[in-house]
């Protein structure tokens, strides 16, 4: 049976993992916005249009990350209830 210290340590690790995840989500919001701005900028210049695909791919990766995080938190919510 875990000691009170071990229980607290486990909760601290879970908290830190959650905090790190939220930091990554916040960072990805900025990256997502930047990619959207770059797509808009590239679309105004014909010679930069090939770069749009790269930024679109980046947006898709970020949105997939958001879905993964949402699914994980959904599962955690179901486990807690």
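What follows is calculated from the coordinates using simple rules that are stated; it is not laboratory data. Treat the numbers as computed from the prediction; the structure is a model and nothing was measured. FYI the Cβ positions are ideal-geometry reconstructions off the backbone, even for glycines, and counts take in every protein chain you see.
Here are some notes:
- Between the beta carbons of residue 74 and residue 43, assuming R0 = 41 Å, the FRET efficiency works out to 0.70 to the nearest 0.05.
- Nearest 10 degrees, 0 to 90: helix 51-80 Cα axis against the chain principal axis: 20
- The stretch 33-81 - Rg and Dmax from Cα coordinates, angstrom: 16.2, 54
- Principal-axis tilt of helix 4-43 within the chain, Cα atoms, nearest 10 degrees: 10
- Euclidean distance between Cα centres, the stretch 14-40 to the stretch 51-77, Å: 10
- On full extension, the segment bounded by residue 64 and residue 14 gains 15.7 nm, given 0.36 nm per residue less the C-alpha separation.
- Here 21, 3 are placed in order of increasing Cβ neighbour count within 10 Å, fewest first, which gives 3, 21.
- Neighbour-count order for 72, 39, fewest beta carbons within 10 angstrom listed first: 72, 39
- The chain, helix-only ellipticity at 222 nm - DSSP H runs n ≥ 4, -39,500 (n - 2.57), divided by all residues, nearest 500: -31500 deg cm²/dmol
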